[in-house]
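Asks: Here it is, the structure, as structure tokens.
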Amino acid sequence: MTFEPYGAPHWAALGLLALIVAIVCAQRRRLRGSKRARIALAASAAAVELAMLAERAVTRDWDVYALPFELCSLMIWLTAIMVLTGSPRLYEATFFLGILGAAQALATPDLTAPFPTFGFAHFFLGHILIVVSNLYMTIVEGYRPTLGSALRAFGWLQVLAVPAAIADMLAGTNFMFLARKPPSASLLDLLGPWPWYLIELEGVALALCLLLLGAVKLADRLFPTDIPSPKEGSPS
């Protein structure tokens, strides 16, 4: 038995994400400035990844894929640190790369582990926490992305791709899907074959960063009293 995209467990995970985001929006004024909430988010993200490492240790499933070269494997740690420290610089990277990477993973999971296995729980909880944590800092704490931060995040994506590409060449892995498209259906199927889709992906990634920035700007205009007044690039 393997994971079935858009089966009941998949929809339940997406519903959980929507529910948490709705609660954050509804309780934004009450949550603002809450250190306990931010510690809980960071601790949950760290616990999910530490549980994965513990599971690998117990099952002796240590291989090159234990390295944090997948985009979201790195983003979940950086997101936890960002939420704890309130670093605007980390927020620049995790907001764009974390949300876009996790959203793509949640929409088209490269997953075989079915519900209710550990692999299923780790995959969805980890990606949900990336999205929720970055939205929390935006909706509740008033952090805002800027055009400059979108471009810097795109630049960081190029930097992060270098060690992933080196590992792919040396170990035959497929970190960040740089070596080949995933076997399961994904948004990459809309692009050309390897290696040409890597070039196309650059334009798509930049466009999505700008689209996400535009969504925040639009939300600020449509709901000026509902979203905390931002001081762009840092907490208000």
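Asks: Which count do you get for residues in the stretch 136-159 that are within 17 Å of the chain's Cα centre (by Cα), surrounded by fewer than 20 Cβ atoms within 10 Å (Cβ to Cβ) and touching a residue at least 24 places away in the same chain (Cβ under 8 Å)?
Replies: So the answer is 3.
Asks: Another question about this same structure. Would you pick out the residues in the stretch 28-49 that are among the basic types (Lys, Arg), assigned to a helix (DSSP H, G or I) and touching a residue at least 24 places away in the same chain (Cβ under 8 Å)? If you could, list the steps in order and put the result at the bottom.
Replies: Going residue by residue through the stretch 28-49, those that are among the basic types (Lys, Arg) are 28-30, 32, 35-36, 38.
Still in the list and also assigned to a helix (DSSP H, G or I): 28-30, 35-36, 38.
Result: 28, 38.
Asks: Could you please give the count of residues in the stretch 167-185 that are surrounded by fewer than 16 Cβ atoms within 10 Å (Cβ to Cβ) and part of a helix (DSSP H, G or I)?
Replies: Residues that pass the stated criteria total 3.
Asks: Then there is this: Can residue 52 be described as part of a helix (DSSP H, G or I), at pLDDT below 95, under 18 Å from the mean Cα position of the chain (by Cα) and not small (Gly, Ala, Ser)? If you could, list the steps in order and put the result at the bottom.
Replies: Details: part of a helix (DSSP H, G or I): yes; at pLDDT below 95: yes; under 18 Å from the mean Cα position of the chain (by Cα): yes; not small (Gly, Ala, Ser): yes.
The answer is yes for residue 52.
Asks: Quick check: anything in the stretch 101-110 of a type in the set (Val, Ile, Thr) and either closer than 24 Å to residue 3 by Cα or crowded, with 19+ Cβ neighbours inside 10 Å (or both)? Spell out how you get there, then give the answer.
Replies: Quick first cut of the stretch 101-110, residues of a type in the set (Val, Ile, Thr) only: 108.
Subsequent filtering for residues that are either closer than 24 Å to residue 3 by Cα or crowded, with 19+ Cβ neighbours inside 10 Å (or both) retains 108.
Yes, the stretch 101-110 has at least one match.
Asks: Then there is this: Just one of (1) over 23 Å from residue 64 (Cβ atoms); (2) touching a Phe, Trp or Tyr at 6+ places or on another chain (Cβ under 6 Å); (3) crowded, with 20+ Cβ neighbours inside 10 Å trips up residue 164, so point out which.
Replies: With (1) over 23 Å from residue 64 (Cβ atoms); (2) touching a Phe, Trp or Tyr at 6+ places or on another chain (Cβ under 6 Å); (3) crowded, with 20+ Cβ neighbours inside 10 Å applied to residue 164, the lone miss is (1).
Asks: Go through (1) of a type in the set (Ser, Thr, Tyr); (2) under 23 Å from residue 22 (Cβ atoms); (3) in a helix (DSSP H, G or I) and name the single condition residue 149 misses.
Replies: (2)
Asks: Take residue 37 and decide whether it is surrounded by 14 or more Cβ atoms within 10 Å (Cβ to Cβ) and under 17 Å from the mean Cα position of the chain (by Cα).
Replies: Details: surrounded by 14 or more Cβ atoms within 10 Å (Cβ to Cβ): yes; under 17 Å from the mean Cα position of the chain (by Cα): no.
In short, no.
Asks: Among the candidates 188, 206, 201, which residue alone is outside any loop (DSSP other than H, G, I, E, B), surrounded by 13 or more Cβ atoms within 10 Å (Cβ to Cβ) and modelled with pLDDT of 95 or more?
Replies: Numbers: 188 fails: modelled with pLDDT of 95 or more; 201 fails: modelled with pLDDT of 95 or more.
One residue alone meets the criteria, 206.
Asks: Something else now. As an exercise: evaluate residue 104 against (1) assigned to a loop (DSSP other than H, G, I, E, B); (2) under 19 Å from residue 68 (Cα atoms) and give the number of the one condition it does not meet.
Replies: (1)
Asks: Something else now. Could you list, in sequence order, all residues of the stretch 54-93 that are closer than 19 Å to residue 178 by Cβ, out of contact with any Phe, Trp or Tyr (no Cβ under 6 Å at 6 or more places or on another chain) and surrounded by 15 or more Cβ atoms within 10 Å (Cβ to Cβ)? Even if it seems obvious, please write down each step before you answer.
Replies: Pass one, the stretch 54-93, residues closer than 19 Å to residue 178 by Cβ: 63-75, 93.
Now restrict to residues that are out of contact with any Phe, Trp or Tyr (no Cβ under 6 Å at 6 or more places or on another chain): 63-68, 71-75.
Within the stretch 54-93, 65, 67, 68, 71, 72, 73, 74, 75 qualify.
The values are calculated or read from the model by the stated rules, or taken from the named source; none is laboratory data. Small disclaimer: the values here were computed from a predicted structure and weren't measured. A quick note on method: Cβ atoms are made from the backbone with ideal geometry, for glycine too, and the neighbour counts reach across all protein chains shown.
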